[in-house]
Structure formats: structure tokens, C-alpha cells
Amino acid sequence: MTLRQDYERDGFVRLEGFVDPAACDALIERAGELVLAFRPDTVSIFSTHDQARTSDAYFLASGDQIRCFFEEDAFAPDGSLRGPVERSINKIGHALHDLDPVFARFSRDPRLAELTAALGIARPLLLQSMYIFKQPFIGGEVTAHQDHTFLWTDPPSATGLWFALEHATIDNGCLWARPGSHTEPPRRRFHRVPGGGTAFEILDARALPLEDMVPLEAPKGTCIALHGLLPHRSGANRSARSRQAYSLHVIDARARYRADNWLQRGAALPLRGFQLDDDVTG
Ligand SMILES: O=C(O)CCC(=O)C(=O)O
């Protein structure tokens, strides 16, 4: 079986040892620096529970920025942080791959271009990057979703490249998915609404099937490529170990990106492919 055949059969492919440990450590160190430099004049919490309500202006304007979002459980009832800020951040998003030199270099490694080409993405554009901490004890669960819901193109083309920067196990909140379930139709479309804010358009009221999902445990350095229609989730982390990961989402320039998708960019930072001079038109 080729990588492409595995991917088309399962909706994901898991490549152990894709990133060497030193490269993982370099991203971990850089993310730590970004958090230490973060001055939270805005407190924005990232949670996949009731996401349309919790998408604030800070989140909605982060498509072409580097911004930090807090864990839902980072706060005490009086609103103060329970722990240090570096143990309180859920994720950094969403343009690390364009704005931060360390993440930009990692994200434009020619091996990533080869991988996306092997998966059948003819004209890749690097749309979104997220650094996900899955903090010890308070790391929030990510409820089951299809990435296409959030990064809608016609036809569907969103593809996730998810990198385990630390060992990801059931205990610290690894990904879960059911092999082959990328044949599920999209259930919801997350979009901006006129006048501000976001909403989910319900396309198919059936819940995403959670049964038969299997844990995609991933040793440090593993890359998991995820089809945009594959329902996947990750558990809360109640363990004492974080589960840091970097996630990069690519779309195909041949597909139409919806103008009311939540993630939009200003003219100053157009989408690019793996080569910085990749053309986005036509
Ligand atoms: O890392 C996680 O827990 C969730 C990541 C995810 O859903 C994604 O990258 O699409």
C-alpha cells in the first residue's frame, strides 16, 4: 500500500519519526518564548464547548496574527489565573507559519511539500497554524469535529498536518478517530454572520459517530495527516504531563475558500504555498 492509498482508505496517515526530537524541542522552546512575551491585555478563552458563543473579536481577528488563547479551566471562580501564564495557555494561533521565523522554517520544510503532494493536494496553500499545549491537569478536550466545518472550501480540501512534539497518549489527551470515517458528510459549517460573531449552519443533524474511534497515540516526532472530513477529537488532559503539538492546515488553491469562513486574512498577508512566491490566483 502506498501512503496515498492508506490515506484514502483511513482518512489519516500516521508517520512516526517524521520530525527529529531536536526539531520538536526547538518548536517547544520557541512556543515557550512566545508565551513569555505575551502580555494579556485581552483574555480570550479557547473552548470547543459552545464555540459560536465564545468566538470573540480577538479570536476572529487572529487569522493573520499570532495570538494566545487561555484554557477554560485556567481561571479560579474570582477570575484570577490559578497558575502561571505559561501553564494556562490552550493554544497559539493562527499565522505562526507566516509570522514567526522558527515556525515558518519548520512549516515550509520541503518534506511537508512532498507529503501534501503525495496526499493529492496539487496547489497547497498554508492556511492556519496552531500550537496546542494540552496543559497538564487542565488541558481542555477538543470535541469531535471535521476540520472542513471550520475551513470550508468548495470542493472540500482542508487537510491537517498534526505533529506530536511530545509523546501523545490516551493519558495526556491524544487524538482519536475512526479509520475510514472521512466518508461521513459534513455535519456543520462554522461561519461569520452579518453584523458580527459566528454561527453553525446545521447541514446534517446527526451527531458525529464517536463509537469505534480509536486512539491515535503518537510518539514524539510523529506526523499525522488528517483528511478534512475525518471526524476526530482529543480528550482532556488530567495527567501531570503536557501533550504539546503543532498543527498546520493546508487547502488547495484550486478550491474556493468561502468569504464567510471565520478565518480571514488582511491584504497585507496573502496566503502562500510552500514556496514563498507561490501564486494564489487562478
Ligand atoms: O491537538 C488537538 O488536540 C486537536 C487538534 C485538531 O483537532 C486539529 O489539529 O485539527
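The values are calculated or read from the model by the stated rules, or taken from the named source; none is laboratory data. Worth saying up front: this structure is predicted, and the values here are computed from it rather than measured. As a convention, Cβ positions derive from the backbone with ideal geometry for all residues, glycine included, and neighbour counts pool all protein chains shown. Heads up: the accessible areas ignore ligands, DNA and RNA and are worked out on the full protein's heavy atoms, side chains in. Shrake-Rupley method; radii C 1.70, N 1.55, O 1.52, S 1.80 Å.
If you check R111 against the conditions, is it open to solvent by 30 Å² or more (accessible area, probe 1.4 Å), basic (K, R) and under 20 Å from R14 (Cα atoms)?
The answer is yes for R111.
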### Given (1) open to solvent by less than 50 Å² (accessible area, probe 1.4 Å); (2) more than 12 Å from the ligand (Cβ to nearest atom); (3) touching a helix residue (DSSP H, G or I) at 6+ places or on another chain (Cβ under 8 Å), number of the condition R188 does not satisfy
(1)
### Query
Exactly one of (1) in contact with a helix residue (DSSP H, G or I) (Cβ under 6 Å, 6 or more places away or on another chain); (2) over 25 Å from A104 (Cβ atoms) is unmet by A144. Its number?
(1)
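Restricted to region 223-246, and to residues that are crowded, with 19+ Cβ neighbours inside 10 Å and among the small types (G, A, S), which residue is farthest from W152 (Cα to Cα)? Walk me through how you get there before you give the answer.
Pass one, region 223-246, residues crowded, with 19+ Cβ neighbours inside 10 Å: 223-232, 234-235, 237, 242-246.
From the residues that got through so far, the ones that are among the small types (G, A, S) too are 225, 228, 234-235, 242, 245.
Numbers: A225: 17, G228: 9, S234: 21, G235: 24, S242: 30, A245: 23 Å.
This residue is S242.
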## Note on the structure
Checked region 140-168 for anything assigned to a strand (DSSP E or B) and either modelled with pLDDT under 95 or within 13 Å of the ligand (Cβ to nearest atom) (or both); matches are V142, T143, A144, H145, T159, G160, L161, W162, F163, A164, A168
### Task
Being part of a loop (DSSP other than H, G, I, E, B), among the acidic types (D, E) and open to solvent by 30 Å² or more (accessible area, probe 1.4 Å) narrows it down to one of D171, D73, so name that one.
D171
### Task
Quick one: A199 ticks every box in (1) open to solvent by 20 Å² or more (accessible area, probe 1.4 Å); (2) more than 15 Å from the ligand (Cβ to nearest atom); (3) not polar (S, T, N, Q); (4) not in a strand (DSSP E or B) except a single one, so which number is it?
(4)
### Message
Condition (residue is open to solvent by less than 60 Å² (accessible area, probe 1.4 Å) and at pLDDT 95 or above) applied to region 34-44: is it met by at least one residue?
### Response
yes
### Query
So which pairs qualify, if the first residue must be in region 239-251 and at pLDDT 95 or above and of a type in the set (A, V, I, L, M), the second must be part of a loop (DSSP other than H, G, I, E, B) and within 13 Å of the ligand (Cβ to nearest atom), the Cβ gap must be under 8 Å, and the two must be at least 6 apart or on different chains?
A245/K134; A245/L165; A245/E166; V250/A158; I251/L151; I251/A158
### Query
Could you count how many residues in region 77-101 are of a type in the set (K, R) and under 16 Å from the mean Cα position of the chain (by Cα)?
1
### Summary
The condition from (1) open to solvent by 40 Å² or more (accessible area, probe 1.4 Å); (2) in a helix (DSSP H, G or I) that F137 misses is numbered (2)
### Message
Among the numbered criteria (1) within 14 Å of the ligand (Cβ to nearest atom); (2) farther than 28 Å from A74 by Cβ; (3) among the polar types (S, T, N, Q), which one does T222 miss?
### Response
(2)
